[in-house]
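These notes are about the structure you will find just below.
The values are calculated or read from the model by the stated rules, or taken from the named source; none is laboratory data. Note that the structure is predicted; figures quoted are calculated from it, not measured. Every residue, glycine among them, receives a Cβ derived from its backbone with ideal geometry; neighbour counts consider all protein chains shown. The protein model used for the area step is the full one, side chains on, heavy atoms only, and it has no ligands, DNA or RNA in it. Shrake-Rupley method; radii C 1.70, N 1.55, O 1.52, S 1.80 Å.
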Amino acid sequence: MQGIRHARPTTSTPLVPGTLLAPTPPRFRQDRGPARTRCAGEGGWTVRAVVVVSLLAASLASCRGEPRIGGADAEGDATPARRPPAPSFAPVTDAVLSALQAAGTEWLTYGGAYNNQRYSSLAQITRENVATLTPAWVYQTGVAESFETTPIVAGNVMYLTTPGSGVIALHAATGEKLWEFKPEIRRTQLCCGPNNRGVSIYGDHVHVATLDARLIALDRRTGQVVWDTEVADPDDGYSITMAPLAFDGKIFVGVSGADYGLRGFVSAYDAATGELAWRWYTIPAPDEAPNGWWGEWRDTDPFGTALGRDITAEREDSATYRDAWKRGGGSVWMTPAYDPTTKTLYFSVGNPAPSLDGRVRPGDNLYTASIVALDGETGTLRWYFQTVPHDVWDLAPVSPPILFDLDGRRYVAQAGKTGWLYVVDAATGQPVLRSDNFVPQHALFTTVSAGGDPADGRLMIPGAHGGAHWSPMAYSPRTGLAYVLGVHQPMVYRVTRQPFYEGRLWTGGTFLTPPDLPQWGTFTAIDLRTGEIRWQQRVPVPMVGAALVTAGDVVFVGQGTGTLDAFDALTGDLLWQFNTGAGVHGGPITYAVDGVQYVAVAAGGNYQLGTPRGDDVFAFVLGQAPRPAPGQAYAPAEYRRSGPIRYGAVRQVPAASVTRGRTAEAGSPER
């Protein structure tokens, strides 16, 4: 494909809600490298039991003739077969990216658009017809490991990443492989598995950040390296798992590795050359903030919940640990939101280091556990909002913020590990509200002293995975609801005195998951105007992945049990389900090629949850007949809720919280 340019394709038929468009769904592909379908009788082809009989029939039909869209034989067709359009590589410009308020026929950023809402304006797939979704193609990467990618689709080409920071380009209508890039990864030190969450796209390049802390630009047509920049030294514990963000001629990345006792930062690089444009450290030096990383010595969270801090002791220890900021942590795991009008970046900063032993790092530990706004041109701080000052529970935010508008004002929302969703003013960072808790909470912000009896560990709910882990939520401007993935995973945490050694994990304690306490997940629709929970589903496995919501009022999300689910965005009813055979922890996306709307997702399991591994990318389209009804029904989660809090208002406990679900006795964990 090198040297060939194609105009950006236009939709040949309007995407009318509920309309089944010609052509018929693309044929099924099993692809593990060579761009062809393996047929019965050829060596080496196996199909998992979850692949339905109709897919097998479609695959075999494709073997009887030339590859094409449609499952019928050429001999029996009254209408000539329609071939997919040639791959398109029109440049992705600032004007294109900045104009997006929602994803449309393409999916051009990690969050669908700069606002990170994971909302698509496509409405061919609706609540009424989603039950007919059927696989169009399946691509197997050959890398069966923790699979967390959110694909990018530009024109009719899909770009996705594999767990080892590889990149694959596929034809988005057929799953045919166009090229593959496999980087040579140096020795790395990883806390949380060999994950990669996706690429960015800008101009004629795609960009991938690697496990050994590099940022690489690739030619979109060929996969050839254009430039390769080292962001940080992996021997110190640095790595990158986030999808980069392209904006205004720059590529943004943040580093991971806080638990190795390093100083976190984010950087922007020139998109054409890979040269550093600016860098901002998530841990301020003493002269880089009014009071360094000590902050304001707050003893509550922003909404008045006590944190159990001994401020007097911390102040006394501050001289002893005056240099703690030099290895203060502060990873940035996830892709920011961006406002092109104000040129502001919004992202979450993770935990301080060590994550559990706060005695060796007195103060609020700025800017960890915060939502941060930076000037995208210069990398200077505009504001910060710290959700958990002096975090000693590893409850710092990870999930990426979103931007949304209400009544002419712009806001930032972020789903926290604490089990609350926070809303702040986008211009100032001033708090607006904290939602009702979307997971159970027990002994939140309890403290443990270091050096005590190991038996003195405390049960903590949520545990260190949240709440909301790294999982991006989705938001629909049609419903006003945010769709949040939750983790209920009780943990016992203990604090220990642990010396710091360069390049070694440094947590200052341990987490254990009690085998006698159940673990499960929640999928929750939260009203961003009020903070109230509109509907919620309890699912069997803690939820780690991403959500997608469309103008057809359908919400898609994957499960650790192996299913991709479709819910009614208004009611939470389960409308459709497909078993992929592996944990679905990638981000679902939707796009359109030649008038047909697709939904695609990666299914390969998750390192931390230990869900079943796989290496599949599935793409779905509307079929002619409904699939069988979902085989698994979900029940509402039953636990005590405390109600939302609007900042500065007198708090009232909603009457609904008394009758909603089971009221837990004080001091007893939710099960």
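Quick notes
- By accessible area with a 1.4 Å probe, ligands and nucleic acids excluded, highest first: order of K417, K182: K182, K417
- Three semi-axes describe the equivalent ellipsoid of the range 338-405; taken as square roots of 5 times the Cα gyration tensor eigenvalues and ordered largest first, they are 26, 12, 8 Å.
- What the Cα atoms of the range 352-463 give is an Rg and a Dmax of 16.0, 55 Å.
- Kirkwood hydrodynamic radius of the range 271-425, Cα pairs, Å: 16.1
- L421 sits among other residues whose Cβ lies under 14 Å from its own Cβ, and their net charge, with Lys and Arg +1 and Asp and Glu -1, is +2.
- P(r) weight above 20 Å for the range 496-639, C-alpha pairs, percent: 56
- Percent carbon-and-sulfur accessible area, the range 296-367, ignoring ligands, DNA and RNA, probe 1.4 Å: 44
- Here the Karplus relation 6.51 cos²θ - 1.76 cosθ + 1.60, evaluated at θ = phi - 60°, turns the backbone of the range 306-318 into coupling constants of 5, 9, x, 7, 9, 4, 4, 5, 4, 4, 5, 7, 5 Hz, with x for every Gly and Pro.
- Here is the size of the range 108-216 from its Cα atoms: Rg then Dmax, 15.4, 50 Å.
- Debye log10 I(q)/I(0) for the range 518-588, one point scatterer per Cα, at q = 0.23 Å⁻¹: -1.07
- Surface share of carbon and sulfur [accessible, 1.4 angstrom probe, percent] for the range 386-443: 47
- Each listed q (0.14, 0.21, 0.26, 0.27 Å⁻¹) maps to a log10 I(q)/I(0) for the range 276-346, found by the Debye formula over equal Cα scatterers with no solvent: -0.66, -1.13, -1.26, -1.27.
- Accessible area expressed per residue, the range 206-349, with surrounding protein chains retained (probe 1.4 Å, Å²): 33
- Per residue, the solvent-accessible area of the range 149-196 (1.4 Å probe, heavy atoms of protein chains only, all protein chains present) comes to 27 Å².
- Computed over the range 243-306, the P(r) tail beyond 17 angstrom holds 59 percent of alpha carbon pairs.
- Local net charge near D317, Cβ-Cβ under 13 Å (Lys/Arg +1, Asp/Glu -1): 0
- Average accessible surface area per residue within the range 432-520, 1.4 Å rolling probe, Å²: 36
- Net charge contributed by nearby residues that have their C-beta within less than 15 Å of L481 (K/R +1, D/E -1): -2
- Carbon and sulfur %, accessible surface of the range 492-552 computed with the full protein complex present, 1.4 Å: 52
- Translational diffusion coefficient (Stokes-Einstein; Kirkwood radius from C-alpha pairs) of the range 328-370 at 10 °C, 1.306 mPa s, in µm²/s: 137
- Over the range 179-285, Cα pairs under 8 Å with separation of 6+ residues give a relative contact order of 21 percent.
- Space enclosed by the convex hull of the alpha-carbon atoms of the range 299-340, per residue, Å³: 149
- Solvent-free Debye scattering, log10 I(q)/I(0), computed from the Cα coordinates of the range 181-239 at q = 0.18, 0.24, 0.29 Å⁻¹: -0.62, -0.98, -1.25
- Inter-probe distance in nm under a simple model that places probes 7 Å from Cα toward Cβ, at T428 and V492: 4.7
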